[in-house]
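Inspection log for the structure reproduced underneath, given as structure tokens.
Throughout, read-outs are computed from the coordinates displayed, never taken from laboratory work. Predicted model, so just to flag it, every value in this text is computed and none were measured. Every residue, glycine among them, receives a Cβ derived from its backbone with ideal geometry; neighbour counts consider all protein chains shown.
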Amino acid sequence: MAKFYIIGNYTAQAFKGFIKDPKQDRAAAANALATALDAKMESFAITRGSYDFVGCVSGKDFESMAAVKLAVEASGAISNFTILEEMDMSKTAEMAGKAMGLYKPAG
């Protein structure tokens with residue numbers, strides 16, 4: 001399974017919901033989304049700073065995470081939903097080395 005990190009912001013609509021029901025468990029809601037797509041929410045936290053939340057999800061593919069993005073942003077409660085996919089830098093550097101050997105720059 002691939003590992004993804006998700007970050008995003010709540011909208012004014014969501015903040016109104018938090019004020020109305022301050023005890024709601026957003027981690028449970030995030031976990032339910034992950035489970036619906038055969039993924040596992042490894043961690044979820046409300047954060048202080050540029051983003052309102054961060055989560056770590058193990059999932060089968062990027063398309064699954066993109067489906068979550070579509071669903072939550074379409075709800076109007078979340079914006080700036082960003083998906084970061086973990087990668088293997090060593091493998092990527094090896095591939096880049098092979099590509100560099102075959103690449104001829106312009107000029």
*Which one is nearest to the chain's Cα centre (by Cα) among residues in the range 1-40 that are of a type in the set (D, E, K, R) and surrounded by fewer than 16 Cβ atoms within 10 Å (Cβ to Cβ)?*
LYS3
*How many residues, within the range 43-68, are in contact (Cβ under 8 Å) with a residue 24 or more places away in the chain and surrounded by 14 or more Cβ atoms within 10 Å (Cβ to Cβ)?*
14
*asked:* Need the failing condition index for THR11 against (1) on the phi > 0 side of the Ramachandran plot; (2) touching a residue at least 40 places away in the same chain (Cβ under 8 Å), just the number.
replied: (1)
_Selection from the range 70-89 of residues that are touching a residue at least 24 places away in the same chain (Cβ under 8 Å), loosely packed, with under 15 Cβ neighbours inside 10 Å and part of a helix (DSSP H, G or I)_ = ALA71
